[in-house]
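The values are calculated or read from the model by the stated rules, or taken from the named source; none is laboratory data. As the structure is a computational prediction, the values presented were derived from the model and not from experiment. Backbone-built Cβ (ideal geometry, glycine too); neighbour counts: all protein chains shown.
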C-alpha cells in the first residue's frame, strides 16, 4: 500500500451527504466531509447537495462517486448522451456550452494564481469551438470482452460498450458502428481518423504477432501495430488534413490536433502574437508533424524543430521537404537542447501534458530568446513553468485559452512571454532556478 493511503470498505457507513462548493481542474466538483477533508466528486456542480460514497481516501482529501442528486444546481441541464457519467469520455455535458467556457477560462486563471503566484494573470477570453458537438477528426476506442466497441471508464480499464457518441465528426459516427470484430482477437484498442475528402484511416493495436481478420464494405486504409512492428492491411498508413491551405501528412501513430477549426485558429493566433521576418531564427520545440513550423518557415529566415516521435519526424520531413530554411533534430528535447548552439529570436514550445522537462527548460532559458510562445494542454503545468520563466526574467504578456475539447475538462492555452531587458542580472542564472 502507498504511504498515506487508506483502504476503503464499501460499507454504507461510508456514504455521506455533502454540499459541493467549487469546480476544480480535472472535471470534479469539490465539497467537504464532516472531518473537514476536501472530497472530489465527478459530475457534480457547485451549489448542489449530493449523496456520495467514498472510493479513495488519503490524509488530506478523498474521492467519491455521486450516488444521488439531492438538490441540483440551477445550471444543470440534461446530458445529450445516454452514456454520460458512465463512460470516461465527457465531463461537462450537464452544463450548457456557455457555462463550460466560463468554467474553463476561470480554471486557467485560478491555476496561474495558485501555482504561478500571479495575483492578476493576463488571461484573455476563451476562444470557443465552432462546433461544441461532432468536432473530433479522430477517436480512440477499446473493445469489450464481447468484441464490442466502447470507451474505458474513468480511472478504470473496464470497457463500457456504446451505441452513440456525440464528439466524433459525423462521417466517423457513420463508420465506427459498422466495424465488427471477432471475440478473442487480441486487439487492445483502435483509432479512426478522418482526413480530407472523407478519407479514413483505421489504426489497430494489439499484442498478437498477426493482425486480426479484417474486412469492411467501404473504402478505408488500415494499419496494424503489434510486437513485430507496423503493417499496412489496406490502403496507405497516413491521411492528409488541410490547415489554412497547407496539407499535412499524418501517419498512423502521429499526434495531431483533433479539432481542425481550432487548430487553424491557434495557428492564426500564433502569427498574430509574434513579429517574424527573414532575419529571424525560430526554435520550435516539440514540433510534431510541423503544424506551427510550416507557417513559421514561410516567414522566418531559419526554423529549427525538435521532436522525439519517429512517425511524427517522418511526417515533418514529408510536410516540410520543400523548405530549405528548416532543420529537424530527432530526439528528446532535454537531450538535444543543452548541446544546441543557437540564439533564437523566438522560441515556440508545445510540450505534452507533463510540461517542459527541467533540463529542457534550463537550456531554453540559457538561450535568452526575446519572445517565447508556450502552447499548453494542461494549465497546471503551464502554471508551474510560468513560475520558473518569470523567475528567469520573462514577463507573461497574455494567455489565450482555446476550447479544443468541448464537453470535457481539457483546455488548450497559448501564452506569450517576453524577456525583460534590464541590467540587473536578476533571474538570469539557471542554477538559481533549481531551488
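Determine if the range 80-87 includes at least one residue that is closer than 26 Å to residue 252 by Cβ and in a loop (DSSP other than H, G, I, E, B). Among the residues of the range 80-87, at least one is closer than 26 Å to residue 252 by Cβ and in a loop (DSSP other than H, G, I, E, B), which makes the answer yes.
Scanning the range 231-250 for residues that are over 24 Å from the mean Cα position of the chain (by Cα) and crowded, with 16+ Cβ neighbours inside 10 Å yields 233, 235. Considered as a group, the residues in the range 142-157 that are within 22 Å of the chain's Cα centre (by Cα) and part of a loop (DSSP other than H, G, I, E, B) include one that is surrounded by the fewest Cβ atoms within 10 Å (Cβ to Cβ), and that residue is 157. Among all residues of the range 238-252, there is at least one that is in contact (Cβ under 8 Å) with a residue 12 or more places away in the chain and within 28 Å of residue 161 (Cβ to Cβ). Counting only residues that are surrounded by fewer than 18 Cβ atoms within 10 Å (Cβ to Cβ) and either on the phi > 0 side of the Ramachandran plot or assigned to a loop (DSSP other than H, G, I, E, B) (or both), the range 335-359 holds 8 of them. Taking the criterion of being surrounded by fewer than 16 Cβ atoms within 10 Å (Cβ to Cβ) and closer than 22 Å to residue 250 by Cβ, the residues of the range 180-193 that qualify are 188, 189.
Can you tell me which residue in the range 297-334 is farthest from residue 239 (Cα to Cα), limited to those that are assigned to a helix (DSSP H, G or I) and in contact with a helix residue (DSSP H, G or I) (Cβ under 8 Å, 6 or more places away or on another chain)?
334
Checked across the range 38-45, the condition of being in contact (Cβ under 8 Å) with a residue 40 or more places away in the chain, more than 25 Å from the chain's Cα centre (by Cα), surrounded by fewer than 18 Cβ atoms within 10 Å (Cβ to Cβ) and not assigned by TED's automatic domain parsing to the domain that holds residue 161 holds for no residue. Residue 253 passes every criterion in (1) more than 30 Å from residue 400 (Cα to Cα); (2) modelled with pLDDT under 95; (3) buried (at least 18 other Cβ atoms within 10 Å of the Cβ) apart from (1). Any residue at all in the range 370-387 that's farther than 26 Å from residue 257 by Cα, at pLDDT 95 or above and part of a helix (DSSP H, G or I)? The answer is yes; a qualifying residue exists.
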